[in-house]
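The values are calculated or read from the model by the stated rules, or taken from the named source; none is laboratory data. Just so we're clear, the structure is a prediction, and the values are computed from it rather than from any experiment. Ideal geometry is used to build each Cβ from the backbone, glycine not excepted, and the neighbour counts take in all protein chains shown.
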Amino acid sequence: MIVGCPKETKNHEYRVGLTPAGARALTTAGHEVLVETGAGARVGFPDAEYLAAGASIVTTPTEVYGRAELVIKVKEPQPPELPLLRAGQILYCYLHLAPAPDLLRHLLDSGVSCVAFETIADARGNLPLLAPMSRIAGRLAPQMGAWALQMANGGSGVLLGGVPGVPPARVLVIGAGSVGTEATRISVGMGADVTVLDIGTPRLEALDALYRGRIRTAVSDPDCLAREIEAADLVVGAALVPGRLSPRLVTRAHLRRMRPGS
């Protein structure tokens, strides 16, 4: 099989769909690998490493898409890439099609076969390709929230972890999956006063057992959600329905009731 890896073109996307180690595994198995020049440069993989792994470097995305039977990338194809797809080709990447009906229609019309990273599940129903991204997002959320809470950035000036004599910020985490678990971990580590909401008890029980009274947990309902949002300095949305649009739980009415600068 001819496997192609184009350079990502989506704004602020620096990752690459195939590492040199991955290219080596494919070439060792007898496949031909095409990598667009510079595809891995922004994450520390120069073209020379792909060449050493047995891949061929090509100069344009047109050549990658034109020759590859399987295209491996990170994010969904951008508008200039869509005409390059062809019937019978396999596209392997994060797609997130629920909020992108136009992209979905184009992919259907093109005849390409798509495998969306975010929908691949193991025998237990876990999402092994989405989980690492969720963990990163969960760990970043409290850090970005702490930055936004600084008065110089338009925030209320509350310190996430507080100081002796001054209470910490109240952090509300909505959802106790991969994102929520990591957001809770970092928020607790920074010294915040953390509440976690979820629609079921098993994940809340796991967090309760882990933090032993250092966080509050509650089964979410509309009244509880409204009350906790109003009291929070920082709200982290971490709810997920696999393969569908994430539920929009925080409304403008909720936001109007939050404290200025939260």
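A few comments on the model shown:
- Just one of the numbered conditions (1) in contact (Cβ under 8 Å) with a residue 40 or more places away in the chain; (2) outside any helix (DSSP H, G or I); (3) not assigned by TED's automatic domain parsing to the domain that holds residue 84 is not true of residue 128: (1).
- Among residues of region 172-189, those that are in contact with a Pro (Cβ under 7 Å, 6 or more places away or on another chain) and either outside any helix (DSSP H, G or I) or small (Gly, Ala, Ser) (or both), counted: 2
- Checking residue 104 against (1) among the hydrophobic types (A, V, I, L, M, F, W, C); (2) over 16 Å from residue 13 (Cβ atoms); (3) in contact with a strand residue (DSSP E or B) (Cβ under 7 Å, 6 or more places away or on another chain), the condition it does not meet: (3)
- Region 43-69: number of residues that are part of a helix (DSSP H, G or I), under 25 Å from residue 114 (Cβ atoms) and either outside the structural domain of residue 21 (by TED's automatic domain parsing) or not hydrophobic (A, V, I, L, M, F, W, C) (or both): 7
- Residue 61 meets the conditions (1) touching a helix residue (DSSP H, G or I) at 6+ places or on another chain (Cβ under 9 Å); (2) free of Cβ contacts under 8 Å to residues at least 40 places away in the same chain; (3) of a type outside the set (Lys, Arg) in every case but one. The failed one is (2).
- Filtered by the rule that a residue be crowded, with 16+ Cβ neighbours inside 10 Å, over 19 Å from residue 77 (Cβ atoms) and of a type outside the set (Gly, Ala, Ser), region 1-30 gives 19, 20, 24, 26, 27.
- The set of residues in region 230-256 being closer than 16 Å to residue 155 by Cα, surrounded by 13 or more Cβ atoms within 10 Å (Cβ to Cβ) and either among the basic types (Lys, Arg) or under 25 Å from the mean Cα position of the chain (by Cα) (or both) consists of 232, 233, 234, 235, 236.
- The residue that is modelled with the lowest pLDDT, counting only those in region 208-262 that are assigned by TED's automatic domain parsing to the domain that holds residue 148 and hydroxyl-bearing (Ser, Thr, Tyr), is 246.
- Among the residues listed as 134, 187, the single one being under 19 Å from the mean Cα position of the chain (by Cα), surrounded by 13 or more Cβ atoms within 10 Å (Cβ to Cβ) and within 28 Å of residue 17 (Cα to Cα): 134
Residue by residue, here is whether (1) in contact with a His (Cβ under 8 Å, 6 or more places away or on another chain); (2) modelled with pLDDT under 95; (3) surrounded by fewer than 19 Cβ atoms within 10 Å (Cβ to Cβ) holds:
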site: 72; (1), (2), (3): no, no, no
site: 76; (1), (2), (3): yes, no, no
site: 79; (1), (2), (3): no, no, yes
site: 82; (1), (2), (3): yes, no, yes
site: 88; (1), (2), (3): no, no, yes
site: 99; (1), (2), (3): no, yes, yes
site: 107; (1), (2), (3): no, no, no
